[in-house]
Amino acid sequence: MKYYVVDAFSEEIFGGNPAGVCILEEAIDKELMQQIAAENNLSETAFVFEVADGYELKWFTPTAEVDLCGHATLAAAHIIATEIHPGKKKMRFNTLSGILEVEKQDELYEMNLPGKKPKIAMWTKDMETALGIKADKAYLARDLVIPLKNEKMVKELRPDFRKLGVLDHGMGVIVTAKGDEVDFVSRCFYPKIGINEDPVTGSAHAALTLYWSEILNKKVMIAKQLSKRGGTVYCEDQGDRVVISGKAKTYLKGTIFV
């Protein structure tokens, strides 16, 4: 199968979040996809199979299948638009999160994702111990969302990944704060599925967009994820849906033999 690595949510290689993209000529079983994702050892590998009404799309971390991944969706759309069907502007993906549509606007890929509004949750001693900080509130969507007082606290956070991985709630843990130069910033941790810190997380912004839209009273926002690689995410609140946009660069083209 054809295989690509794309740096998503980045204007240049070595930035953003790298995702593997496997272009399938025929459907393969889940176990084989999981083995390939483990061998690739990237935070996400996308598997794309063309069908009559668009594309089947599945996402795997090195250890598990997930129900939504923004950066690997962006990466898959980028490869379709540049390598598989050059010039294609609109893509329709059938996924575990329903139908996802991506539209290419110049260099930006706009992804229409289901919104995941965080609901208030109980702040616990286990969260405090795992994060090494005290926070006023906690929220829960798919992931735990922990608002912090400022961008500096987000940058300087040094969590205990082992303890994060055994928290009772949330697939992952997102810390976020109002940005100094952008609308909001974040960092995302997913040790439960084999990713200590994810460089840039599109799916997390399906929750963060709705949270910060209400706090800031803004529908359109610019966000940055403050990982070592970093990345910029353009966000729009559309009610029960969110539009997450970013750029992408192809790093690698190759072939997988299985």
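The values are calculated or read from the model by the stated rules, or taken from the named source; none is laboratory data. These numbers were taken from a predicted model, which means no experiment stands behind them. We place every Cβ from the backbone using ideal geometry, glycine too, and count neighbours over all the protein chains shown.
Residues of the range 108-123 being surrounded by 12 or more Cβ atoms within 10 Å (Cβ to Cβ) and either under 15 Å from the mean Cα position of the chain (by Cα) or part of a loop (DSSP other than H, G, I, E, B) (or both), which ones? Spell out the reasoning first.
Our first condition is that a residue be surrounded by 12 or more Cβ atoms within 10 Å (Cβ to Cβ); within the range 108-123, this holds for 108-118, 121, 123.
Once the filter is applied, which keeps residues that are surrounded by 12 or more Cβ atoms within 10 Å (Cβ to Cβ) and either under 15 Å from the mean Cα position of the chain (by Cα) or part of a loop (DSSP other than H, G, I, E, B) (or both), the range 108-123 yields 109, 110, 111, 112, 113, 114, 115, 116, 117, 118, 123.
For the subset of the range 6-34 comprising residues that are part of a helix (DSSP H, G or I), without any contact (Cβ under 8 Å) to a residue 40 or more places away in the chain and surrounded by fewer than 14 Cβ atoms within 10 Å (Cβ to Cβ), which member is farthest from the chain's Cα centre (by Cα)? Can you show your working first?
First, the residues of the range 6-34 that are part of a helix (DSSP H, G or I): 30-34.
Subsequent filtering for residues that are without any contact (Cβ under 8 Å) to a residue 40 or more places away in the chain retains 30-31, 33-34.
Okay, now just the ones that are also surrounded by fewer than 14 Cβ atoms within 10 Å (Cβ to Cβ), so 30-31.
On the way: 30: 21, 31: 23 Å.
Per the stated criteria, the residue is 31.
Of 230, 254, which residue is out of contact with any helix residue (DSSP H, G or I) (no Cβ under 9 Å at 6 or more places or on another chain) and within 18 Å of residue 187 (Cβ to Cβ)? Give the derivation first.
Values: 254 fails: within 18 Å of residue 187 (Cβ to Cβ).
Unique residue meeting the criteria: 230.
Can you tell me which condition residue 3 does not meet? The list is (1) surrounded by fewer than 22 Cβ atoms within 10 Å (Cβ to Cβ); (2) in a loop (DSSP other than H, G, I, E, B), and all the others hold.
(2)
Please go through the range 174-221 and give me each residue that is among the β-branched types (Val, Ile, Thr), at pLDDT below 95 and buried (at least 19 other Cβ atoms within 10 Å of the Cβ), ordered by number. Walk me through how you get there before you give the answer.
Just the residues of the range 174-221 that are among the β-branched types (Val, Ile, Thr), to begin with: 174-176, 182, 185, 193, 195, 200-201, 209, 215, 220.
Those left that are additionally at pLDDT below 95: 193, 195, 200-201.
Once the filter is applied, which keeps residues that are among the β-branched types (Val, Ile, Thr), at pLDDT below 95 and buried (at least 19 other Cβ atoms within 10 Å of the Cβ), the range 174-221 yields 195, 200, 201.
Tally time: how many residues in the range 124-160 are buried (at least 16 other Cβ atoms within 10 Å of the Cβ) and either farther than 16 Å from residue 207 by Cα or not charged (D, E, K, R) (or both)? Talk me through it step by step, then tell me what you get.
Filtering the range 124-160 down to residues buried (at least 16 other Cβ atoms within 10 Å of the Cβ) leaves 127, 130-131, 133, 138-148, 151, 154, 157, 159.
Next, from what is left, pick out any that are either farther than 16 Å from residue 207 by Cα or not charged (D, E, K, R) (or both): 127, 130-131, 133, 138-141, 144-148, 151, 154, 157, 159.
The number of residues fulfilling the criteria is 17.
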